[in-house]
Number of protein chains: 2
Amino acid sequence: MSSKRAKPYHHGDLKAALIDGAAELLVERGVRRFSLAELSRRLGVAVAAPYRHFANRDELLAAVAVRALDQFGDALAAQSSEADQPEQRLAAMAEGYVRFAAEQPALFSVVFSIGLDKKKRHSELREAYEEIEGTLAAAVAEFCPGDPVGAQQLADAIEATAHGYAALLTDQPGAFDPADVDHAAEQAAGATRALLRGRAALWDQDARSEDAGAGQPT
Amino acid sequence: MSSKRAKPYHHGDLKAALIDGAAELLVERGVRRFSLAELSRRLGVAVAAPYRHFANRDELLAAVAVRALDQFGDALAAQSSEADQPEQRLAAMAEGYVRFAAEQPALFSVVFSIGLDKKKRHSELREAYEEIEGTLAAAVAEFCPGDPVGAQQLADAIEATAHGYAALLTDQPGAFDPADVDHAAEQAAGATRALLRGRAALWDQDARSEDAGAGQPT
DNA sequence: GTCTATATCCCGATAGAC
DNA sequence: GTCTATCGGGATATAGAC
């Protein structure tokens, strides 16, 4: 950070400046109101300049999403590692999922507004995503030794549940009531524990008819 | 519906034509690429005409969302009523949730891209939404007699889970593989059954320490 | 190769004429 | 109610300066 920083922008590292600036602007404006033109203006470059580094607006957003996904994955891994027991680990991950969405709504929404479509193409995006799924899979594996299919289903269920709480919370624009965030995060953790305990119903298709009585009121 | 329908469009009922056309255009273009200008062009009116009926683009989308929510609610109610047992009813609703999202991705996404913000203001939008929550609450109530708080938590968990599966599925743009839809729908139903069976962990906060062993590998 | 300048086209929204 | 005209902005494409 000595010689290169004489002309921090305008020269040298516009690509990195674009990603940095885009992340900031996203936080301020949200994905919908984010504009390449405003970003260019802020960086003091011409509106066409970004196109030397990114094919279009969405490609820049995808680059931001890669970084966001990395942070997201780190947050989840950190949450996960704080708990000793497997159930706790998964519940903590669900809680972390919701909290990340609430604390970084712009980053969270950019990841999921990109469309998983590009996650297939973009190798970086895919890697970042697979790292998250790996963390989850590792925590789930302890519950389903020797049953990879069941483990995958359980992991999907936990991911879907956490994502549902996060998405429903995030759909409310503006600031969140911290109490709502806590509530949603705890609920997501509770739902995760509930899924783990009732998980037999996930893969036992016969449960539908066989043990239907098990879920009835007492 | 006799005298008014002589000139269905262009005159007399532009408002209805806008809502109809918007729903169609949304299916073709998606929420993001939907434009009032293109809709106006299709209906053969000036770009300023819609503003006599809707304050802005979002207000028109909100009107479409009201209709979409009505259809969504009907679909869920229909699914729910096909099952006899309470557990089945809830599983069927979760399945219906995912299937609606997959079959009408444009309508589904317009509902949740509006932001629950407006659902508070817009009385119509709120009513449509509350009807859905009512259907769910009724089905859940059978599991939690005399425990309204627990019933609400259970309902939220089921909604979040179904929403998560639906949202993750819908985030992939383009057409869905029907097999994926079936899989996701069945998984959502299974997760719902799992939530019902493990539901004690939802509201029993002490479960975290007390019965942590119950969820451990055998 | 990177960036500026410029130009095109589309969109949302408003004001005022008919 | 609807149209015409118009403003402000944004996404891109191209040409040329460095």
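A crude spin-label estimate for the pair B:His53 and A:Ala49, with each label 7 Å from Cα along the Cβ direction, gives 4.5 nm.
Across the copies of the chain, A:Glu103 has label points (7 Å from Cα along Cα→Cβ) spaced 4.1 nm apart, shortest distance listed first.
Here the label points at B:Ser123 and A:Asp177, each 7 Å from Cα along the C-beta direction, are separated by 2.3 nm in the simple model.
Taking all C-alpha pairs of the protein assembly as shown, those more than 35 Å from each other amount to 34 percent.
Extent of region A:41-114 along its three principal axes (Cα atoms, max minus min coordinate, largest first): 53, 20, 18 Å. Take B:Glu133, push a point 7 Å out from Cα through the beta-carbon direction, and compare it with the same point in every other copy: 3.4 nm, smallest first. 3J(HN,Hα) along region B:58-75, derived from phi through the Karplus expression 6.51 cos²θ - 1.76 cosθ + 1.60 where θ = phi - 60°, amounts to 5, 5, 5, 4, 5, 5, 5, 5, 4, 4, 4, 5, 4, 4, 4, x, 5, 4 Hz, with x in place of Gly and Pro.
Shortest first, B:Ala49 label-point distances to identical copies amount to 4.4 nm, with the label point at 7 Å from Cα along Cα→Cβ. Chain A gives an Rg/Rh value of 1.07, both radii derived from C-alpha positions and Rh following Kirkwood.
For the protein assembly as shown, the tally of Lys pairs with Cα-Cα distances below 27 Å comes to 10, considering only residues 8 or more apart or on different chains. Sequence-ordered 3J(HN,Hα) estimates for region B:156-168 from the Karplus curve with 6.51, -1.76 and 1.60 and θ = phi - 60° stand at 4, 5, 5, 5, 4, 5, 4, 4, x, 4, 5, 5, 5 Hz, glycine and proline given as x.
Read-outs: derived from the displayed coordinates by stated rules, not from any lab. Remember, predicted model here, so these are calculated numbers, not experimental data. Please note: Cβ atoms are built from the backbone with ideal geometry, for glycine as well, and neighbour counts cover all protein chains shown.
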